[in-house]
Amino acid sequence: DLCATNYNKKTKFFIKQNALTMNWRQDSWLNPPYENVKDWIRKAYDEHRKWNVSILALLFVKSDTRIWHDCILHGKAEILFIEGRVHFWQNGKRSKNPAPYPSAFVFWRKK
């Protein structure tokens, strides 16, 4: 997960630097924070085009926004909409409240 931190990582391998400032030269996964998701979407789309890599992202759905149109819809990403709202887990417990928005897996596939 390009957005993982030492606190929330799920594997031993994760990026210890700010991935927004790095080149993504390999296939990647990201679950970006809500507060700056636009930056992550733009970076994922740009890196996919620049390096011809596949990038899978779990994103909230705001299909009325310019970033969705520019980078996902017109960027020809594959989209799998998730039924219902996603619940996240913390310290082994499911959150009481679901995500505030619908979610989707967005996949920029290398050619």
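The values are calculated or read from the model by the stated rules, or taken from the named source; none is laboratory data. Keep in mind the model is a prediction, meaning the values are calculated, not measured. We place every Cβ from the backbone using ideal geometry, glycine too, and count neighbours over all the protein chains shown. Note: areas computed on protein heavy atoms with side chains; ligands, DNA, RNA excluded. Shrake-Rupley method; radii C 1.70, N 1.55, O 1.52, S 1.80 Å.
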**Study point:** Within the chain, percent of DSSP bridges classed antiparallel, to nearest 5
**Key:** 80 percent
Point to revise | Average Cα contact separation per residue, the chain, under 8 Å, 6 or more apart, as relative contact order % | key: 25 percent
Review point. Carbon and sulfur atoms: what percent of the 1.4 Å accessible area of the chain do they account for?
Key: 52 percent
Revision key, fill the gap. Once amide hydrogens are built 1.01 Å from N within the peptide plane, the residues lying 5 or more places from SER103 or on another chain with amide H under 5 Å from its amide H are VAL61, ILE82, VAL86
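Leaving ligands and nucleic acids out of the surface, order LYS76, LYS43, LYS93 by accessible area at 1.4 Å, largest first. Walk me through the intermediate numbers first.
Working: LYS76 170, LYS43 30, LYS93 145 Å².
The ranking, largest first, comes out as LYS76, LYS93, LYS43.
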Practice item. Provide the descending list of Cα extents for the chain along its principal axes, expressed in whole angstroms. Key: 39, 33, 22
Check your understanding: Using the Karplus equation 6.51 cos²θ - 1.76 cosθ + 1.60 (θ = phi - 60°), what ³J(HN,Hα) coupling, rounded to whole Hz, does each residue of segment 62-77 give in order, writing x for Gly and Pro?
Key -> 9, 6, 8, 8, 4, 4, 5, 5, 5, 9, 10, 5, 7, x, 6, 6
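Please return the longest stretch of the chain lacking exposed loop sites, where chymotrypsin sites (Phe, Trp or Tyr not before Pro) count only if DSSP places them in a loop and at most 12 other Cβ atoms lie within 10 Å.
Result for the longest clean stretch: 14-87.
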Review point. Which entries of LYS38/LYS93; LYS43/LYS110; LYS43/LYS93; LYS62/LYS110 show an alpha-carbon separation above 26 angstrom in the structure shown?
Key: LYS38/LYS93; LYS43/LYS93
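On full extension of the chain, what length is gained from PHE88 through TYR101, given 0.36 nm per residue of separation minus the C-alpha to C-alpha distance? Intermediate values should be presented prior to the final figure.
Numbers: separation 13, 0.36 × 13 = 4.68 nm, distance 1.27 nm.
3.4 nm is the gain from fully extending PHE88 to TYR101.
Skip the ligands, DNA and RNA, and give the accessible area per residue of segment 21-99 with a 1.4 Å probe, whole Å².
Working: 5290 Å² over 79 residues.
On a per-residue basis, 67 Å².
Can you tell me the FRET efficiency between LYS50 and ARG109 if r is taken as the Cβ-Cβ distance and R0 is 22 Å, rounded to the nearest 0.05?
After rounding to 0.05, the efficiency reads 0.90.
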Point to revise | Two-site FRET efficiency, ASP70 against LEU20, from Cβ-Cβ distance with R₀ of 22 Å, rounded to 0.05 | key: 0.80
**Study point:** Other-chain or far-sequence residues with amide H under 5 Å of SER54's (modelled H)
**Key:** ASP27, SER28, LYS110
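Run lengths n ≥ 4 of DSSP H only: what is the helix-derived mean residue ellipticity at 222 nm for the chain, with -39500 (n - 2.57) per run over all residues, to the nearest 500? Write down the numbers at each step before the final one.
Working: 1 runs with 15 residues, N = 111.
Mean residue ellipticity, 222 nm, calculated: -4500 deg cm²/dmol.
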Revision key, fill the gap. Reduced to Cα centres, the span from segment 81-111 to segment 18-36 in Å works out to 17 Å
